[in-house]
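K.L.:
Okay, handing you the structure first.
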Amino acid sequence: MGLFGSGAQLTVSLHEALALLKDDAALVDVREPDEWEAGHAPDAIHIPLAEVPRSPNGIDPTKPVLVICRSGRRSLTAAAQFRDAGLDAVSVNGGMVAWQQAGGLVVRNGGDPGTII
């Protein structure tokens, strides 16, 4: 089943996620719309958690999928749902909080600086 495999771990560290992003993995942010609008990772795809079961067709099935939320709880649920839909998905440990603490860029729509709420 791809890079992560059906029996593989459901999470990766932020360091592993950043390496996978350099190799063209997709980053899916499953936070609520107000959280997304306040700030998100550049190039992330926004699919709120409630829409995950209905929305995997917006994601390239040939790429690994890194799922992120604020801290890692919602993304773990979403990663399992994406796997059930046949995608090669894992959750990013620490979420956007870890992303920002590690110096990752956080932007609003339009590219202005954002924040994590």
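The values are calculated or read from the model by the stated rules, or taken from the named source; none is laboratory data. Predicted model only: the values in this text are computed from it and were never measured. Positions of Cβ are generated from backbone atoms using ideal geometry, with glycine treated the same way; all protein chains shown enter the neighbour counts.
K.L.:
Considering only the range 66-88, state which residues are assigned to a loop (DSSP other than H, G, I, E, B) and either charged (D, E, K, R) or out of contact with any Pro (no Cβ under 8 Å at 6 or more places or on another chain) (or both). Reasoning before the result, please.
P.N.:
Taking the range 66-88 as the starting set, the residues that turn out to be assigned to a loop (DSSP other than H, G, I, E, B) are 69-72, 85-88.
Listed by number, the residues that qualify are CYS69, ARG70, SER71, GLY72, ASP88.
K.L.:
Also: Which residues, counting only those in the range 92-117, are among the polar types (S, T, N, Q), exposed (fewer than 12 other Cβ atoms within 10 Å of the Cβ) and either free of Cβ contacts under 8 Å to residues at least 60 places away in the same chain or closer than 15 Å to LEU20 by Cβ (or both)?
P.N.:
GLN101
K.L.:
Which is touching a residue at least 60 places away in the same chain (Cβ under 8 Å), of a type in the set (Gly, Ala, Ser) and within 15 Å of THR11 (Cβ to Cβ), of ALA38, ALA89?
P.N.:
Values: ALA38 fails: within 15 Å of THR11 (Cβ to Cβ).
Being touching a residue at least 60 places away in the same chain (Cβ under 8 Å), of a type in the set (Gly, Ala, Ser) and within 15 Å of THR11 (Cβ to Cβ) holds for just one of ALA38, ALA89, which is ALA89.
Residue-by-condition table, conditions (1) surrounded by fewer than 18 Cβ atoms within 10 Å (Cβ to Cβ); (2) outside any strand (DSSP E or B); (3) of a type outside the set (Lys, Arg):
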| residue | (1), (2), (3) |
| --- | --- |
| ALA19 | yes, yes, yes |
| ARG31 | no, yes, no |
| TRP36 | no, yes, yes |
| GLU51 | yes, yes, yes |
| PRO61 | yes, yes, yes |
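K.L.:
Residues in the range 89-110 that are at pLDDT below 95 and either under 21 Å from GLU51 (Cβ atoms) or assigned to a helix (DSSP H, G or I) (or both): how many?
P.N.:
The qualifying residues number 1.
K.L.:
Take the residues in the range 75-86 that are over 10 Å from the mean Cα position of the chain (by Cα) and under 15 Å from THR11 (Cβ atoms); name whichever of them is surrounded by the most Cβ atoms within 10 Å (Cβ to Cβ).
P.N.:
Initial filter on the range 75-86 (over 10 Å from the mean Cα position of the chain (by Cα)): 77, 80-86.
From what is left, the residues that are under 15 Å from THR11 (Cβ atoms) are 77, 80-83.
On the way: THR77: 16, ALA80: 16, GLN81: 18, PHE82: 26, ARG83: 22.
Applying the filter and picking the extreme gives PHE82.
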